[in-house]
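The values are calculated or read from the model by the stated rules, or taken from the named source; none is laboratory data. No experiment lies behind these values; they were computed from the predicted model shown. For neighbour counting, all protein chains shown are included, and Cβ atoms are generated from backbone atoms with ideal geometry for every residue, glycine included.
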Amino acid sequence: MTMPEQDTDTVRGLRALEDSRSSVRLRAVMEIGTAPDPRCVGKLVERCAIEPEFHVRDMLTWALTRHPASMTVPGLLDELRSERAQARSQALHTLSKIGDRRAWPAITRALLTDPDDEVARSAWRAAVVLVPEGQEAALAAVLATQLGRGERETQLSLSRALIALGEGIMPTLRAAMAEPAPRVRAHAFATERLLRNPDAGFEFAIEEARRVVALGTTGQEE
């Protein structure tokens, strides 16, 4: 029996996701996203965990958002328990783009404090999108435990996540400004500066914060 043309196209597209050429994989993902097919969801999720090219991974996320959340979210939640950091990171990124708040319980403290910076950053972004109303302060308290972590990009990601939670983060930031670790105090101070003046830029805010911390004040008297 001859396979229907649509089925043939689906099989061809799924095989193309494993092609050694990134341009072929990218085109395949774009075609799947343009004509969503529930039979492709599992393969798209699976590919997210191992795809080496950033632009193809980004398109994989787009293709998944083109399918109903009821079909994509369960598989993505399973990926959050993967031992592969990229699987966790990309699943979190995709969940943040889908925005289905039923995924919130899966954004655990373990993910928010994941030792892999990319996973943690993705978890922070997903958390501020999915957090239910009224739980922002609790989320801010967990995020604050990561203040001072990593290099510039990681610190900026955390600051942006905290700022996205709004003015309610101020008690948490003030507490962090009194922490013994200079990196924590400086990062908290820089985040507070950015909250007040988003146009200041992170580099300016962090340098100012370091000067203030070095002088032994947090600027809380302002």
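One table, with the values for the structure above:
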item	result
Among the residues listed as Thr65, Thr61, the single one being surrounded by 21 or more Cβ atoms within 10 Å (Cβ to Cβ), hydroxyl-bearing (Ser, Thr, Tyr) and under 16 Å from the mean Cα position of the chain (by Cα)	Thr61
Qualifying helices (runs of 4 or more DSSP H) (wholly inside segment 1-86; at least 3 residues being out of contact with any helix residue (DSSP H, G or I) (no Cβ under 9 Å at 6 or more places or on another chain))	5-16
Condition met for Val119 (assigned by TED's automatic domain parsing to the domain that holds Asp37, in contact with a Lys or Arg (Cβ under 8 Å, 6 or more places away or on another chain) and within 28 Å of Pro198 (Cβ to Cβ))	yes
Looking only at segment 169-203, and only at residues there that are more than 22 Å from the chain's Cα centre (by Cα) and assigned to a loop (DSSP other than H, G, I, E, B), the one that is surrounded by the fewest Cβ atoms within 10 Å (Cβ to Cβ)	Pro180
Selection from segment 104-130 of residues that are part of a helix (DSSP H, G or I) and polar (S, T, N, Q)	Ser122
Residue list for segment 33-71, restricted to those being free of Cβ contacts under 8 Å to residues at least 40 places away in the same chain, in contact with an Asp or Glu (Cβ under 8 Å, 6 or more places away or on another chain) and of a type in the set (Gly, Ala, Ser)	Ala69
Filter result for the condition that a residue is on the phi > 0 side of the Ramachandran plot and either of a type in the set (S, T, N, Q) or modelled with pLDDT of 95 or more (or both), over Gly42, Gly99	Gly99
